[in-house]
Amino acid sequence: MTAPPRDPQARGRLTALVLALALLWPALHIAQFNPAALFDTTSLRVMGGFLAGFVPPALDRAFLHLLAQATIETLAMATAGLALAFVLAVPLALVVTRALSVSRIGPGPGRGPAALLRAGARLVLTVLRACPEVVWALLFVRAFGLGPAAGVLALAITYGGMLGKVYAEILESVDTRPARALLESGSSRLAALGYGLLPAAAQELASYTVYRWECAVRASVVMGFVGAGGLGQLMDQSMKMLNGGEASAILIVFLLLVLLADGISALLRKVLA
Amino acid sequence: MTVVATPAPRPRWVGMAVVLALLAAVAASFAYLALDLRALFSAQARTAMARFVTEFFPPDTRGEFLAQVASATLQTLVVSALGTLLAFGAGALLALPAAGRWGLPARAFTRFVLNLLRSVPELVWGVLMVLLAGLGPFAGVLALALHTAGVLGRLFAEALENAPAAPERALREGGSGATAAFAYGCLPLVGPQWLAYGLYRWEMNIRMAAALGFVGAGGLGQMLYFHLSLFQQAQAATVIGAMFGLVVAVDGASARLRRAMLPAQG
């Protein structure tokens, strides 16, 4: 019998493994990785009690009323926030879109400043969407106090940045020759947008906006955890008081809400197609 | 001339009705929230806002505080990396039954579990994990891992189902064991895709890890929450700056990496 052939990559694999372990060890230390904490009897008992309270979900009248109000508030936050984001995103996207630039078509004095303006608008979009919406929400809660206004503004800022960037990308990705032809024959930028780009891009723009609304519903719940109103704030309170029944009722409503947003967005996209 | 049958154009009123309904929904939302935008931009609100913003300047740049921020940044990075790594392992394990390899009941059950893991947001998992594992970055790792495992498990399962079955079957019919057939017949096909999904989620998780600290799960978020609670705006400004820098750096790095890895798609 001959010995089995050696793995020709054995040395490389061994090095990679040793390197990975050498990186993992300090990482586990920094993250205070401690699986034993999961089996600590006191915290297990607290957690068990909390989870045991999940069944049955809280169904008393006063709480259900509160829950319904919070759900509507969450939906309204998402819708209002996205509307503001749209208002913020459209002008920025129009500035950033290269296909709509008159100065790029021919040699002219406006080329340099226009490029500068576009770079500036792109920077604004990056800054707007850099921080997660929860961070903005936390800051706005400090500035405006508890309540949905903070969440709406946070959504408007981050989603304004995202929508603006993606709108510009979508407008660039379709056939830009009609818009160029229009611009070259002297039409205005808005006309070039409306007749040159939108016919090809409208459906994708609409469906992306609807998809973002769906994300905004989820984000509105999350932002509630820092005090921006809606379902999240209610969930935070119930969890801090370890009220399992209320927490499970809110979680169920949240899951249903996500499903509903999913359904509405699928329906809207079908209608818009 | 041939007549090409075109689909009947949608009546104009459908589009109008959708637009009107959307406008009505937006108006109703503003009315329900009693948001008065004019009040937000009134002179009084503007001065209050300006005062709030100026309190953040100048940011705290003492050496020892910067060192604290740097270590919190490192912690955020490590939390996101470990959370994604754990999720990668769990997602891979759950993807096998979810792709229908162990029968239909197992498939339906794991899909349900994955959906449940995925639909609970990271921050909610964070609150639960802080209860279970105590305050600190470990809770953040677990929270990220649970949510991301749901996301990755589903994506991995879809990649498995879409992978061509022929190589694995050939190995099986040639007499190799199930594990070896999977490792050499299927894994090389889905591996790069799994890795791409994992890296993409890591990028998102870095951002999320920065925010997870708000519920007590360590890193930059916990620091920001702490200093804002004590009205130490100068310190908070430094932490926000660090968050911002982290996100921009990760964005740039991932864009460059993606360009390097996918030259064909430019």
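No value in this document is a laboratory result; all are computed from the given coordinates. This one's a predicted model, so the numbers in the text were calculated from it and none came from an experiment. No Cβ is skipped: glycine too gets one built from the backbone with ideal geometry, and neighbour counts run over all protein chains shown.
In chain A, the longest principal axis of the Cα atoms and the axis of helix A:244-272 are about 20 degrees apart. Computed from label points 7 Å out along Cα-Cβ, the spacing between residue A:122 and residue B:165 is 4.7 nm. Computed extension gain for residue B:18 through residue B:249, at 0.36 nm per residue and net of the alpha carbon distance, reaches 79.1 nm.
Were the residues from residue A:37 through residue A:191 laid out at 0.36 nm apart, the gain over their Cα-Cα distance would be 49.1 nm. What net charge do the residues around residue B:248 carry, taking every other residue with its C-beta under 15 Å from that of residue B:248, with Lys and Arg at +1 and Asp and Glu at -1? Value of the local net charge: +3.
Here the simple spin-label model places points 7 Å from the Cα toward Cβ, and for residue B:226 and residue B:176 these points are separated by 5.2 nm. Between residue B:57 and residue B:193, the simple label model (points 7 Å from Cα in the Cβ direction) yields a spacing of 5.1 nm. Neighbour counts of C-beta atoms inside 10 Å place A:167, A:195, B:200, B:225 in the sequence A:195, B:200, B:225, A:167, starting with the fewest.
Averaging Cα coordinates gives a centre for the stretch A:185-242 and one for the stretch B:112-164; these two points are 24 Å apart.
For the charge dipole of the protein assembly as shown, defined by +1 on Lys and Arg C-beta atoms and -1 on Asp and Glu C-beta atoms about the Cα centroid, which residue among A:161, B:155, B:112 has the Cα displaced farthest towards the positive pole? Value: A:161. For chain B, the longest principal axis of the C-alpha atoms and the axis of helix B:233-261 are separated by about 30°.
Which shape class, rounded, prolate or oblate, goes with chain A when its Cα gyration tensor gives a ≥ b ≥ c as root eigenvalues, a/c under 1.5 marks rounded, and past that a/b bigger than b/c marks prolate?
Oblate, because a/c is 1.5 or more while a/b does not exceed b/c.
Extension gain for residue A:61-residue A:104 works out to 9.1 nm (0.36 nm per residue, less the C-alpha to C-alpha distance).
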